[in-house]
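Novice: I have a structure here, written as structure tokens, and I will follow up with some questions on it.
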Amino acid sequence: MPDTVDGVAMDAKPIGRIGAFVRWAARTPWPVFTLGMVQADIIGALLVLSFLRFGLPPEDRIQLQDLPAFNLAVFLGFLFISFTIAAYWSLRLLIPVMRWQRRDMLLGERDTEDTEVARTRALRMPFYRSVINVVNWFLGSVVFIVASWPVASKSAPVVAVATGLGATATAIIGYLQSERVLRPVAVAALRGGVPENFRAPGVIARQVMTWVLSTAVPIIAIVLALVASKFEILTAPADRLTTPILILAISALVVGLAGTVLVAMSIADPLRQLRWALGEVQRGNYNAHMQIYDASELGLLQAGFNDMVRDLAERQRLRDLFGRYVGEDVARRALERGTELGGQERDVAVLFVDLVGSTQLASTIPAADVVNLLNDFFRVVVDTVNRHGGFVNKFQGDAALAIFGAPIEHPDACGAALAASRELHDDLIQVLGQTEFGIGVSAGRAIAGHIGAQARFEYTVIGDPVNEAARLTELAKLEDGHVLASAIAVSGALDAEALCWDVGEIVELRGRIAPTQLARPINLATPGKARADEDEDVDDEIASDVSR
């Protein structure tokens, strides 16, 4: 009994796999593709036979009912065999494609030679279908002429022309229909790019197909009918061909309309998708990629658009990173005007801000907390400086250097720097809590530009105002208000901001020869007496870096 159970289980396993495969195949476009092949051939054959039986003048019609039974059986047997062979070859062509599709769905695409062959074959299936149709029609017309020879020996040329034109129309419509039905398969096959040495019919070729369907086939049929009547291939005179010509004209209208709609849709669909994708990109969505429908000019246009969007997204990402590292104003100026080493003299205002006791802080709390504190500190600095039109030029350790008036000119650089220092004082008290800081503001002439080497440089400001602002920051750490400015900066500001400052004593700052008159903001909160910063050596290094 266990053997029997095992045997049943072993037999059921392949059956289960076949069932799963059938269920999977039913959800793919291949059943519709196969049905379309059979449907097109049957409809085309019925139209041709109906024309030969009822469309021609009575004296030239093929009397199929008078066909010998043996001849009819031979013809029907051929049809069955030809359809069987066509189905077999279609299945042979489809098996690698369906294996690739199923493997791609279950395991993901593999970069193997089999995958490349399957992708190429999937894209060429509409062409293969047309070739199979034409071969079947050619062989079928030969067998039909031979089988109907006893009753239609004189009409053999008419039969050959009718089947030839029917085969052309069926093959073209079948190609256009298959291309649309198999579009999901083509999209999957083109995800890895267009296979080498493969091109689908482009816009011109599709328009030519439409012309063949709607114009060439019916006109050729009408001309041949008149020529056949002229040379007495047809028994009926030319004036008796009104009905066949009318039938051909109506067929041309119907078939031509179907072909034109299919061609128009094959062109309009990617263009409609392109229009949508362009709108998404204009709204800033760089993830709006197009599905590549085929390997024609339209497919290459879709692929080119996707490449362009990827490049735009990459450039936008680099621009965003560039702006985060050097500042948006510097990045915008560099992108618009280019970069070169050197600088120019500018009237600028400088704001320098530094934390107190950061070295001791790092030794008493976890490093992650120190990082979070510095991030909050720099976030407040950047937001405040940006609101007042300044540019945070440098982060170093626990200090930041902000410039007003470069690289973008500012109508009131001194006033903006002074207002930013007062607002920054209030914001930092709320964010830092017990952690103390110092802010210094200076103004004057300085050199602003790109400093470094061709391989690596940065935009910065060098001059006495930078050095003075750094020294004022050291002194501000010992002040109750934590904010000091030079009287020159206050005198350069508009009255609305200058009136918020009180000019005081004259001091000689460390490292400077010229004396500096101090200015303090009026009505600032005083969080308490600041401690001396044991990190003065670090501050000296920062000041020397930016003033060298």
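Values in this text are rule-based calculations from the coordinates and carry no lab data. Computed from a predicted model, the values in this text were never measured in an experiment. No Cβ is skipped: glycine too gets one built from the backbone with ideal geometry, and neighbour counts run over all protein chains shown.
Novice: May I ask you to evaluate 6.51 cos²θ - 1.76 cosθ + 1.60, the Karplus curve with θ = phi - 60°, for each residue of the range 408-418 and list the ³J(HN,Hα) values in order in whole Hz, giving x for glycine and proline?
Specialist: 9, 5, 10, x, 9, 5, 5, x, 5, 5, 5
Novice: Hey, any idea what Rg/Rh is for the range 146-193, computing Rh the Kirkwood way over Cα pairs?
Specialist: Numbers: Rg = 18.7 Å, Rh = 13.6 Å.
Ratio value, two decimals: 1.38.
Novice: Can you give the FRET efficiency to the nearest 0.05 for residue 253 and residue 205, using r as the Cβ-Cβ distance and R₀ = 30 Å?
Specialist: Once rounded, the FRET efficiency stands at 0.85.
Novice: Could you sort the peptides 404-414, 424-434 by per-residue average Cβ neighbour count (10 Å cutoff), highest mean leading? The partial results should precede the final answer.
Specialist: Numbers: 404-414: 21.3, 424-434: 15.2.
Packing order, densest peptide first, comes out as 404-414, 424-434.
Novice: Output wanted: per-residue J couplings in Hz (rounded whole) for the range 437-443, from phi through Karplus 6.51 cos²θ - 1.76 cosθ + 1.60, θ = phi - 60°, x for Gly and Pro.
Specialist: After applying 6.51 cos²θ - 1.76 cosθ + 1.60, I find 7, x, 10, x, 10, 9, 8 Hz.
Novice: Shifting gears a bit: Can you sort 115, 384, 516 from fewest to most other Cβ atoms within 10 Å of each residue's own Cβ?
Specialist: In order of increasing Cβ crowding within 10 Å: 115, 516, 384.
Novice: Now for a different question. Rounded to whole Hz and in sequence order, give me ³J(HN,Hα) for the range 299-305 from the Karplus expression 6.51 cos²θ - 1.76 cosθ + 1.60, θ = phi - 60°, writing x for Gly and Pro.
Specialist: After applying 6.51 cos²θ - 1.76 cosθ + 1.60, I find x, 5, 5, 4, 5, x, 5 Hz.
Novice: Sequence-distant or interchain residues sharing an amide H contact under 5 Å with residue 393, placed H: which?
Specialist: The answer is 401, 402, 403.
Novice: Arrange 286, 88 by Cβ neighbour counts within 10 Å, fewest through most, would you? Display every interim value, and only then the final one.
Specialist: On the way: 286 16, 88 10.
Taking fewest neighbouring Cβ atoms as first place, the list is 88, 286.
Novice: Please list the non-local residues whose amide H lies under 5 Å from the amide H of residue 507, H modeled 1.01 Å from N, same-chain partners needing a gap of 5 or more.
Specialist: Amide H neighbours of residue 507, under 5 Å, 5+ apart: 516, 517, 518.
Novice: Report the dimensions of the range 143-230 along its three principal axes from the alpha-carbon atoms, largest first, rounded to Å.
Specialist: The principal-axis extents, from largest down, are 56, 27, 22 Å.
Novice: Could you give me the radius of gyration and the Dmax of the range 394-514, taking only the C-alpha atoms into account and expressing both in angstrom?
Specialist: My reading of the Cα-based Rg and Dmax gives 14.9, 46 Å.
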